[in-house]
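Read-outs: derived from the displayed coordinates by stated rules, not from any lab. Here the structure is a predicted model, which is why all the values come from computation and not from measurement. Every residue, glycine as well, gets a Cβ built from its backbone with ideal geometry; the counts of neighbours run over all protein chains shown.
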Amino acid sequence: MGFPTRVGRSGYGPDPINSSFPRDPRKQLNGETTGRLMLWQLGGIGLLSPVAFFIFGYADGTLYGDSHAEAFQPNGGAWPSVGRTSTGLYTFGYLATYPDEQGVARPLVLRGGVVVGCTSQVRHGQVELNGDKHSGLVHVCDLTGSAADGERLFVVLW
């Protein structure tokens, strides 16, 4: 399984076992323990690895897109839908399913995100995912905490 479905620990096979014990534990690692730790780390990386980003902005009354990339669209694809609801509040959405490497439609499940400003304007914000886990809201504020638009905003999703 690949994107958009994330591989969990069980996707990496059974736990390793020692075929022999270390002769000198001060110089040799226990393969079983080390192997198990590595597999759990690989499984956990899928929870926090970015799977998508897009850069967009709002200037002079116009919402525009700059660039985007998604792990579940490795050969390029359509932009996520992005809209402006009010000052400092934007919506975004991806399709509910994307094909995996075998062409089987898999549900897209985003787990979180972050937004930062990319210009001299100081902006910060947060990403709030909707219940469908493939769309959400982007809240943007200035330094005082007031809702503010951004000329260029970078959104990373995992």
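Does anyone have the angle between helix 31-48 and the longest principal axis of the chain? Alpha-carbon axes, 0 to 90°, nearest 10?
On a 0 to 90 degree scale, this one is about 10.
Determine the distance separating the Cα centre of segment 10-61 from the Cα centre of segment 104-143; give it in Å without decimals.
Cα centres, segment 10-61 to segment 104-143: 25 Å.
Note down the Stokes-Einstein diffusion coefficient of segment 25-74 in µm²/s, whole number, using a Kirkwood radius over alpha carbon pairs, 4 °C, and 1.567 mPa s.
Values: Rh = 14.8 Å.
It comes out at roughly 87 µm²/s.
Residue farthest toward the positive end of the dipole of the chain, with Cβ of Lys/Arg at +1 and Asp/Glu at -1: which of Asn75, Gly88, Val138?
Selected residue: Asn75.
Using +1 on the beta carbon of Lys and Arg, -1 on that of Asp and Glu, and nothing else charged, what's the dipole of segment 9-48 about the Cα centre, debye to 20? Write down the numbers at each step before the final one.
On the way: 5 positive and 3 negative charges, 26 e Å.
With only Lys, Arg, Asp and Glu charged at Cβ, the dipole is about 120 debye.
Who wins for biggest fluctuation among Gln121, Gln102, Gln73 in a Gaussian network model of the chain, springs between alpha carbons below 10 Å?
Its mean-square fluctuation being the largest, the pick is Gln102.
Taking the convex hull of the Cα atoms, report for the chain its projected area averaged over all directions, in nm².
Computing the convex hull of the Cα atoms and averaging its projections yields 13.4 nm².
Sum up the charges of everything whose Cβ sits under 12 Å from the Cβ of Trp79, counting Lys and Arg as +1 and Asp and Glu as -1, but leave Trp79 out.
Details: positive: none; negative: Asp66, Glu70.
Charge balance in the 12 Å sphere: -2.
Taking springs between alpha-carbon atoms closer than 10 angstrom, which of Asp60, Asp15, Asp100 fluctuates most in the Gaussian network model of the chain?
Asp60
With charges only on Cβ, +1 for K and R and -1 for D and E, what is the dipole size of segment 52-157 about its Cα centre, in debye, rounded to 20? It would help to have the intermediate numbers written out before the result.
Details: 6 positive and 10 negative charges, 32 e Å.
So the dipole magnitude of segment 52-157 works out to roughly 160 debye.
Quick one: grab the alpha carbon gyration tensor of segment 9-48, order the square roots of its eigenvalues as a ≥ b ≥ c, and give me rounded if a/c is under 1.5, else prolate or oblate depending on whether a/b is larger than b/c.
Values: a/c = 6.58, a/b = 2.10, b/c = 3.13.
Oblate is the answer for segment 9-48, as a/c is 1.5 or above yet b/c matches or exceeds a/b.
What does the net charge come to around Ala147 if you take all other residues with beta carbon closer than 14 Å to its beta carbon, with K and R at +1 and D and E at -1? Don't jump to the answer; show the numbers that get you there.
Values: positive: Arg84, Arg123; negative: Glu128, Asp142, Asp149.
Charge balance in the 14 Å sphere: -1.
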